[in-house]
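Trainee: What follows is a single structure, and I will ask about it in a moment.
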């Protein structure tokens, strides 16, 4: 790792070697290096998380400790910017109390940053982006649910495209994601430069119109998954998010398909699952039915009828024998990776 | 801050940031139209480095629609101070990249910054990606004359005063609220009428420089006649069909006398 300090503008160049330590430089103490032991599983998963995303996650973790009540600004000119920014901002929602992830999950916050609180709460985030890109994000999981979670109070707003790079304006510093195809790094500014960019973002926000999008909220999805469909189901949602973050080229997974496969693994009623999906704004009931048929054709999910009196029989989702054997030996992840990416 | 002020601020910042590196060859990656506008202004500085531009087609189309800006860019291209390429690559930030440095352009509302990344470690990676993006991209035909071609009286049967007026018109157009509203064909026809030039000469001049086709000149002339901005009189050529001399109508002549060329052009573009 190298950390270059040039006054008020710095560039974090994190090149995590596959060794057994990780190092974090803080904005307050740029020369400070914290060494945190990592497990082998951590390293395996980390290698699947792009470096610039980890850098943004670190930025978010540090800034979350700097000013809890100050709104953030996320300027997202493209869909991939929405995916990256909301993924980094999701760091603050994964607190130890609410997080049921298994060790080594790629969606957990990266290194424990010195100064960052263990109970960081979701900051108020004002997301600005072009309408077209926000609409695209609203149709892709988990970007839609993360966007819904971080903009719970206000919703995103619309600004002109292409005038800015993906930018996160935190309470005391600003991070700019610099990209040229495969070359990516995060540039961080604080002091007067942060103040100027923050003023600009505030004015852009004040002048912008509300985006016309309907978004689920990942916080609610996580909470209600456990509440409505059972304790194991929340872990399955996390697995789907994890697959999107670690295995998907564009950071997106077919949420309906993943939920249906999970429902089949837990042998839940299709009616309950499709109601929950529709209620969470993830998709319509018609989409659920169509996707269930596709998974049936792919020999992953099957259904059995259960009589109800009065009324039509209801369907229970089950994995096919082949899929069940794979689930029992390898878990849900490979089924989602194979059928929902 | 108006768009003009934003372009001014960006042009100043770009000039300050890149002028010291006049010997380097930069690539400008994924600029917005206003960044290209600022770059075209920066080219006014004689000691500004060569900058090749690789942008999305929609951005370059916007540049082409803004005639005044397009002539500036065409002038820079003709002087081999830059080249234009179009790409559909999406994963790009707005960057000035040379083999020696990477400068990031950030414009948020009225705040403009052009920051050089402080580490040389990344320069090679960014330059390689930017260069490959440029090489993979397609040349963009701007189809716009240079400023010198527009204002030159050489090879033109139009009076020298027409070309002087056209230079004034370009300056006036730069102050339009909507820069894309400026129509070089309408402008040329009205200026030709002011100097009682032949329609044949102005449309041939426009066609030769690539301003527009003869059919477009003919269509615009009809519109200007319908709107009572200009009229024509026939001039005998001895052999063949008579030619048309363009003349301002009395109403346009009065506007010119009272409000000057700026007012006449404003009305012609309403």
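Trainee: DSSP beta bridges in chain B, what fraction antiparallel, as a percent rounded to 5?
Mentor: Given both bridge residues lie in chain B, the antiparallel proportion sits at roughly 70 percent.
Trainee: Now for a different question. What number, in percent, do you get for the relative contact order of segment B:76-189 if the mean sequence gap of Cα pairs under 8 Å and at least 6 apart is divided by its residue count? Intermediate results must be reported in sequence, preceding the final value.
Mentor: Details: 89 pairs, mean separation 22.3, N = 114.
Relative contact order of segment B:76-189: 20 percent.
Trainee: Here is a further query. Below 8 Å between Cα atoms, with a sequence gap of 6+, how large is the relative contact order for segment B:162-213 in percent?
Mentor: On the way: 25 pairs, mean separation 16.6, N = 52.
It comes to 32 percent, rounded to a whole number.
Trainee: While we're here: For segment B:213-238, list residues with backbone N below 20 Å from a point placed 7 Å from the Cα of residue B:270 toward its Cβ?
Mentor: Hits in segment B:213-238 for residue B:270 at 20 Å: B:220-231.
Trainee: Could you give the nm distance between label points at residue A:203 and residue A:287, where each point is 7 Å from its Cα heading toward the beta carbon?
Mentor: Once both label points are built, they end up 3.9 nm from each other.
Trainee: Assuming a ≥ b ≥ c are the square roots of the Cα gyration tensor eigenvalues, decide whether segment B:3-139 counts as rounded (a/c under 1.5), prolate (otherwise, with a/b larger than b/c) or oblate.
Mentor: Taking the square roots of the gyration eigenvalues as a ≥ b ≥ c, segment B:3-139 is rounded.
Trainee: Rounded, prolate or oblate: pick one for segment B:147-268, where a ≥ b ≥ c are the square roots of the eigenvalues of its C-alpha gyration tensor, a/c under 1.5 means rounded, and failing that, prolate if a/b is larger than b/c, else oblate.
Mentor: oblate
Trainee: A further question on this structure: With an 8 Å cut-off on Cα pairs and a minimum separation of 6 or more residues, tell me the relative contact order of segment B:3-139 in percent. Could the numbers behind the result be given before it?
Mentor: Numbers: 229 pairs, mean separation 36.4, N = 137.
It rounds to 27 percent for segment B:3-139.
Trainee: While we're looking at this one, here's another question. For segment A:218-339, what mean projected area does the convex hull of the alpha carbons give, in nm²?
Mentor: The orientation-averaged projected area of the Cα hull of segment A:218-339 comes to 7.5 nm².
Trainee: With runs of 4+ DSSP H residues as the only contributors, calculate the mean residue ellipticity of the protein assembly as shown at 222 nm using -39,500 (n - 2.57) per run, divided by the residue total and rounded to the nearest 500. Walk me through the numbers on the way to the answer.
Mentor: Values: 24 runs with 280 residues, N = 611.
Calculated at 222 nm, the ellipticity per residue is -14000 deg cm²/dmol.
Taken together, the values in this text are just the output of simple stated rules run on the coordinates, not laboratory data. Nothing here was measured: the structure is a model prediction, and the numbers come from that model. Cβ atoms come from the backbone with ideal geometry, glycine included; neighbour counts cover every protein chain shown.
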